[in-house]
1. Between Ala393 and Asp229, what is the label-to-label distance in nm when each label sits 7 Å out along the Cα-to-Cβ direction?
2. Report Rg (one decimal) and Dmax (nearest whole number) for region 21-120, counting Cα atoms only, units Å.
3. Evaluate E = 1/(1 + (r/R0)^6) for Tyr278 and Ser370, where r is the Cβ-Cβ distance and R0 equals 45 Å; express this FRET efficiency to the nearest 0.05.
4. Residues in region 71-94, backbone N under 17 Å from the label point at Ala115 (7 Å along the Cα-to-beta-carbon vector): list them, ranges by number please.
5. Please give the contour-minus-distance gain from Leu182 to Gln381: 0.36 nm per residue of separation, less the Cα-Cα distance, rounded to one decimal in nm.
6. Can you list residues from other chains, or at least 5 along the same chain, whose modelled amide H is less than 5 Å from the amide H of Ser145?
7. Over all directions, the average projected area of the alpha-carbon convex hull for region 13-199 comes to how many nm²?
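Just so you know, all these numbers are worked out from the coordinates, no wet-lab data involved. Just so you know, these numbers come straight off a predicted model, no measurement behind them. Here the Cβ positions follow ideal geometry from the backbone for every residue, glycine too, while neighbour counts run over all protein chains shown.
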Amino acid sequence: MSSFKPKSPDFRQDLLGRVALALAPQFDLDRRTTAVRLAVMPWSDGDPASAAQDMRELLEIVQGVWGGSGLPVSLEVRHPAWLDALLDGPGQSGVITEVPAFLLADEAVARRVQAHHARGGQIALQGRPQTESLPADLLPCLSWSVIGLEDDRRTGEWLQPARAGDGASMRSLPTVQAQVGLESDVEAAFRRGVLAVTGWPFGDDIQYLDDSRVQNSARVVMDLIGRMDRGEDPPQLEAALRSDAPLAFRLLRFLNSPAFGLRSTVESLQQAIQLLGYHRLRRWLSLMLASCGNEPAARVALFAAMRRGLFMENLALSAGQDEAASELFMAGQFSLLDRVLHQPLASLLALLPLRAAVRDMLLSGSGPLSSFRDLALAVEQPARSAIVSAADALMLSPQQLNAAFLHAQREATRLNVMPD
């Protein structure tokens, strides 16, 4: 076990030693991230010693990571004592508590939901209710319903409130489609009129383009040019470049091309900035601005790529493999380039000076670095056993894993890299 310590003391180690965390974005029709869904699972079986204290710490952590970002966090806590503690506590801005629909058949639970809403809490319905209607006085307490793809059997508006006397209005609860793994399922969900979709829709075959067009972010390019005009230091420019995987890829590809004539390869963004200098970097960015494009479907991939990169970088530090940290960041960034750029990943990686271990991890999920990839993929799905198994393969404690995970989420949020 390594001696990695979190970079700052704001994450409570007591709670982080007892939970497994998984995250997915919630996005709208234009693939803009509108919220994140955080699954909180017990690391092992058994009841928490103090559920109320656990949930106080969880809310502090959520505030420390996403507070002030404008990005709500939907909490799916997978222990009944934790859910009770959240409903009995005060509401927190930007936090939505998911309540399983079958529990609302219990009048005591329904009253607690109403009381939590009265204290400023937001609640989402998780799953289908046991009946096709909910009490009219309960429906206003719910922000939306989260319905798994396999459970979504509706042919139109499926949820209506019961009549509460003459003149009661009839309206439906907005739906968030969950457990979506294909882009085709995302499109079908929006055709059904859902509010949003949550999940990672990376299971479709990629439609490759015949040319070498690259999707890029005009916002990032313009921000970089502005930073250079303001005379910001190279580390600040590097941090901004790290927020856009396709742009970073094109810069390294450019510098390592035969046309640039270097005798040695450029393997990091820091090297690239130092080598180019401000004048030539600004010129290159100006050329990139003219070729920028924006494809909505790529936004979810870019959201994932940044978090994978930061997470694997932190994991390397956690596992005592400092020399691999920078490579793993770039590997995470490039892990979905084929989906963003619509080119075969092997062809794209062949243009970069990557070690065989990194290339093997990205192309076949094999090699000495594959355990980092396995864990990065595991925390994208709320399956406790897969997360625990992947952490064990790297000999990481739950404290180390969760600290690395939360630091990655906070850094990505701080960089404002959620596609907009």
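1. The modelled label-to-label distance comes out at 4.7 nm.
2. Calculated on Cα positions, Rg and Dmax stand at 13.9, 43 Å.
3. Working: r = 39 Å, r/R0 = 0.86.
Computed FRET efficiency for Tyr278 and Ser370 comes out at 0.70.
4. Residues 81-92 fall inside that zone.
5. Working: separation 199, 0.36 × 199 = 71.64 nm, distance 1.43 nm.
That works out to 70.2 nm of additional length.
6. Answer set, sorted by chain and number: Leu125, Thr175, Val176.
7. On the way: hull surface 45.6 nm².
Mean projected area of the Cα convex hull: 11.4 nm².
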